[in-house]
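Here is the structure we will look at.
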Amino acid sequence: MTKNIHALGHSEHIASFFGVDTAVRQISSDIAFWGDIAFHGNYDGFRVVDISAPGNPKLIHHQRCNGDQGDVFVWENILVRSWNSPAPAGRFCDGEPVPVGFEGLHIFDVSDLSDPDLIGSVTLDCGSHTTTGALDADNNRLIVYSNVSSGCVKGGVALGNAIDVVGVPLDDPGSASVVNQVPIVGGSLGTNNGCHDAGLILGEVNLLACASGHAANVFSVGAPNGGTLEEPVFLYNVEEQDDLGNKVGIGGRWHSAAFTWDGEVLVLGWEPGGGAAPRCRAQDADIFKSMFFYDADTGAKLGQWVLPRPQSEAENCTIHNYNIVPLKDGRYVAVGGHYQAGTWVTDFTDPANAETVAFADPPPLPPVTTPGGMVVNELGGSWSSYWYNRVIYESEITKGLNLYRLSDSVTAHAVKLDHLNPQTQEFSLP
């Protein structure tokens, strides 16, 4: 850990990928924020955490819903949660049986933080791995982009090469439904396999970036390039290959996307090894452990940041979930969680010469024993690390929610927000 990043608080939630039945895994996943509340996604529902005192976060409630992934999007009293893959028999959500084979979204009313209420669901062909959403005020609804981790085949038909666009009426969120499917363009290989995650920026920019397979897709959702939240217009693809022949999508896929707050730079990360493999070792090619920067108008490459601290054979590692600090001074600073490489802060104001600002990189997790008696490396680390109102929040897969303070001038001009869904930038900055 560098001297300029300091541990503030911790909300404990111990879990493991191994040693438990998959139906009761309680792995921590992604995070969304509303005011002084963090909604901490979980493979078994989501946790509601009071973060009004960052040095002492307090658990209010753990809402159970035992379907994996648990990515969350929140808007006022509405929370949308991803259910990733077909439900086997015996699964429950808020105490209600989940139909066998269900995959998609669950809609919750979170007006009572101590007892959220399941009020609806949306069945989707290939389930929901992640969600990105925004307010569509003109139509009194939320638009939620539901993304899949890969394609799927049902009845012999290949599905999943599209973004599911879901409308959630504000006056009747339980009646949420699919309002569009946006095809994903395959790039040079002609095929693609689903949008793993998506980054959205509104304001004067209105762009949507889909981290899809080997060819990220960038769409326009409004002025100046047309389209709407419901009907995005495709603009271009981004593909990446190094001089050794390593290519995004071979052994992995684009994973995450974000924009600088002025809409000038697109930031992409990918997931070689599916997140379970050690891909940040000294011998690994730079492409496996990099964050990439592109011109948001054209897709032209501007630079990349390579994780400078080698990880061990025992540490699953990739560039995973991150957001960009909203800064009024025009600097570009990313905060990201990279599994067992931990949390990193990067200044890429000059995308061709990005610099590390700070990191909190813990030692490898100890090995664990599977139910079958095998000793294996634990999978864990930082699923997501995000900047929100002067605090860095890290979703630690096997340990819970960690809070850090960064002491560095690069974030001195950060804008305070009253809420944050990290994949959505609701405004732009000049």
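The values are calculated or read from the model by the stated rules, or taken from the named source; none is laboratory data. It should be emphasised that the depicted structure is a prediction, and the values quoted were computed from it without experimental measurement. When we count neighbours, we look across all protein chains shown, and the Cβ atoms used for this are built from the backbone with ideal geometry, even at glycine. What goes into the accessible areas is simple: the full protein's heavy atoms, side chains included, and nothing from ligands, DNA or RNA. Shrake-Rupley method; radii C 1.70, N 1.55, O 1.52, S 1.80 Å.
Tell me, how many Å apart are the Cα centres for region 341-390 and for region 138-155?
Taking the Cα centre of region 138-155 as reference, the centre of region 341-390 is 28 Å away.
For Leu159, list long-range residues whose amide hydrogen, built 1.01 Å from N in the peptide plane, is under 5 Å from its own amide hydrogen.
Cys152, Val153, Lys154
Just the Cα atoms of the chain: what Rg and Dmax do they give in Å?
That works out to 19.8, 59 Å for Rg and Dmax.
Given +1 on the Cβ of Lys and Arg, -1 on the Cβ of Asp and Glu, and no further charges, what dipole in debye does region 136-290 carry about its Cα centre, rounded to the nearest 20?
640
Taking springs between alpha-carbon atoms closer than 10 angstrom, which of Ile78, Ile397, Ile250 fluctuates most in the Gaussian network model of the chain?
Residue with maximal mean-square fluctuation among Ile78, Ile397, Ile250: Ile250.
Along the Cα-to-Cβ line of Asp138, 7 Å from the Cα, sits a label point; which residues in region 225-243 have backbone N less than 15 Å from it?
225-233
Name the trypsin sites (Lys or Arg not before Pro) in region 253-332 that are in a loop by DSSP and that have at most 16 other C-beta atoms within 10 Å, would you?
Arg281, Lys328
Taking only Cα atoms and a 10 Å spring cutoff, compute GNM fluctuations for the chain and point out the largest among Leu79, Leu244, Leu135.
Largest GNM mean-square fluctuation: Leu244.
If the elastic network links every pair of Cα atoms under 10 Å, which of Ser85, Ser395, Ser409 fluctuates the most in the Gaussian network model of the chain?
Most flexible of the set in this elastic network: Ser409.
Return the carbon/sulfur percentage of the accessible area of the chain, one whole number, probe 1.4 Å, all protein chains in place.
Roughly 50 percent of what the probe reaches on the chain is carbon or sulfur.
Any idea what the relative contact order of region 141-270 is, in percent, if you count C-alpha pairs under 8 Å spaced at least 6 apart?
Computed value for region 141-270: 19 percent relative contact order.
Region 1-80 to region 276-331: how many Å between their Cα centroids?
24
Might you work out the accessible area of Asp171 for me, using a 1.4 Å probe with all protein chains in place, and round it to the nearest 10 Å²?
120
Pairs of Cα atoms under 8 Å, at least six residues apart: use those to get the relative contact order of the chain, whole percent.
After rounding, I find 15 percent.
Figure the gain on full extension for Ala7 and Asn77 (residue separation times 0.36 nm, minus the Cα-Cα span) and round it to one decimal in nm.
Full extension from Ala7 to Asn77 adds 22.2 nm.
Could you pull out which residues in region 42-60 have an amide N less than 17 Å from a spot 7 Å beyond the Cα of Lys416, following the Cα-Cβ vector?
Only 51-55 fall inside the zone, counting backbone N under 17 Å.
Could you calculate the FRET efficiency of Ala314 with Asp112 from 1/(1 + (r/R0)^6), where r is the beta carbon distance between them and R0 is 25 Å, rounded to 0.05?
For R0 = 25 Å, the calculated efficiency reads 0.05.
What accessible area per residue comes out for region 311-430, rounded to a whole number of Å², with a 1.4 Å probe?
Here the residues of region 311-430 average 35 Å² of exposed surface.
Normalised by the residues of region 102-199, what does the relative contact order come to in percent, with Cα pairs under 8 Å and at least six apart?
25
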